[in-house]
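The values are calculated or read from the model by the stated rules, or taken from the named source; none is laboratory data. Values in this document were obtained by computation on a predicted structure and should not be read as measured data. All Cβ positions, glycine included, derive from the backbone under ideal geometry; neighbour counts span all protein chains shown. The accessibility values were calculated without ligands, DNA or RNA, using every heavy atom of the protein model including side chains. Shrake-Rupley method; radii C 1.70, N 1.55, O 1.52, S 1.80 Å.
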Amino acid sequence: GEKVKEYNDLHNSYITSCIYMPNSNNKFLSGGTDKRLLLIDINNNPHLEVGKFCRIKQVLYSEFNNLIIIVPGSISDIICYDLPKNKISFKIEVKEEVVYSNISKSDKGKYILINISKSYPKILLYNLEKTKTEDKYYGHTQKTMIIKSSFAGEKDQYILSGSEDAKVYLWDRKVPGPPKYSFEGHLGIVNCVELLFNDVLLSVSDDKTLKIWKTI
């Protein structure tokens, strides 16, 4: 509970995302609406401005190919940035607004979930190695809020999402399309669902409750 360090002069606008970089000798990335992406060293070394891109909504890091994933704050392409080479590796073309993204865990970030669209919400499974979308999942509702999706399972074999219809949804990753299971019990928008351990899920909602679910 003790504050050990504070950074208050790095960005000149809202900071929207930060992420710790594994195996980086204590470095983290931060991005914001000032369009700047910074690499910050916890060991008191000077920070590095990676670049100025776009209004940054979210930053992810893929250990699989050492890519920084920059999610824009408006309708535009997701930027995949090669930090060691200090250049853009490729872009993921997205024709609709990206609501939220998440990186896989079991393979060090080989796949990314891209939650898009508030008209016809879909979750895309994108392969960063092959640079293509492999599958699409749908069935949740998302019109005004940021709904967060995530991988689940020891090998990321499931996909989870909240929904504005107050339900929790679970997809089998190998079966694109509508969800395999849905869980009812919340009375408000479910904003986020995460796997706690094994077959136990945690969901949080605008109904001011936190619920724990056993899937089997």
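Just name the residue that is farthest from Y138 (Cα to Cα) out of those in region 153-170 that are of a type in the set (D, E) and in contact with a strand residue (DSSP E or B) (Cβ under 9 Å, 6 or more places away or on another chain).
Among those residues, the one meeting the criterion is D156.
Restricting attention to region 171-216 and to residues that are among the basic types (K, R) and within 21 Å of the chain's Cα centre (by Cα), the residue that is most open to solvent (accessible area, probe 1.4 Å) turns out to be K174. Scanning region 48-79 for residues that are closer than 16 Å to I146 by Cβ and at pLDDT below 90 turns up G73, S74, I75. Considering C54, C80, the condition of being of a type in the set (A, V, I, L, M, F, W, C), over 24 Å from D9 (Cβ atoms) and in contact with a Lys or Arg (Cβ under 8 Å, 6 or more places away or on another chain) is satisfied by C80 alone.
The residues on offer are K95, K105, and the sole one that is touching a residue at least 12 places away in the same chain (Cβ under 8 Å), outside any strand (DSSP E or B) and in contact with a strand residue (DSSP E or B) (Cβ under 8 Å, 6 or more places away or on another chain) is K105. Only residues that are at pLDDT 85 or above and farther than 24 Å from S74 by Cβ were counted in region 6-21, giving 4. Does region 86-104 include one or more residues that are at pLDDT 95 or above, charged (D, E, K, R) and within 16 Å of the chain's Cα centre (by Cα)? No: region 86-104 contains no residue that is at pLDDT 95 or above, charged (D, E, K, R) and within 16 Å of the chain's Cα centre (by Cα).
Report the residue count in region 55-64 for those that are over 17 Å from E97 (Cβ atoms) and open to solvent by 20 Å² or more (accessible area, probe 1.4 Å). Residues that pass the stated criteria total 3.
Restricting to region 154-203, name every residue that is among the small types (G, A, S) and in a loop (DSSP other than H, G, I, E, B). Give the steps one after another, and end with the answer.
Step one: of region 154-203, the residues among the small types (G, A, S) are 161-163, 166, 177, 182, 185, 188, 203.
Listed by number, the residues that qualify are G162, S163, A166, G185, G188.
For (1) over 24 Å from V193 (Cα atoms); (2) open to solvent by 10 Å² or more (accessible area, probe 1.4 Å), each residue gets a yes or a no:
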position	(1), (2)
P46	yes, yes
K52	yes, yes
N66	yes, yes
G73	no, yes
I79	yes, yes
L83	yes, yes
I92	yes, no
S101	no, no
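Scanning region 34-44 for residues that are under 13 Å from I79 (Cα atoms) and surrounded by fewer than 18 Cβ atoms within 10 Å (Cβ to Cβ) turns up just one, K35.
Every residue, every condition in (1) charged (D, E, K, R); (2) modelled with pLDDT under 95, yes or no:
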site	(1), (2)
D135	yes, no
K143	yes, yes
I147	no, yes
D165	yes, no
V190	no, no
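Residues considered: K118, K122. Of these, the only one that is over 22 Å from I19 (Cα atoms), open to solvent by 10 Å² or more (accessible area, probe 1.4 Å) and under 15 Å from the mean Cα position of the chain (by Cα) is K122.
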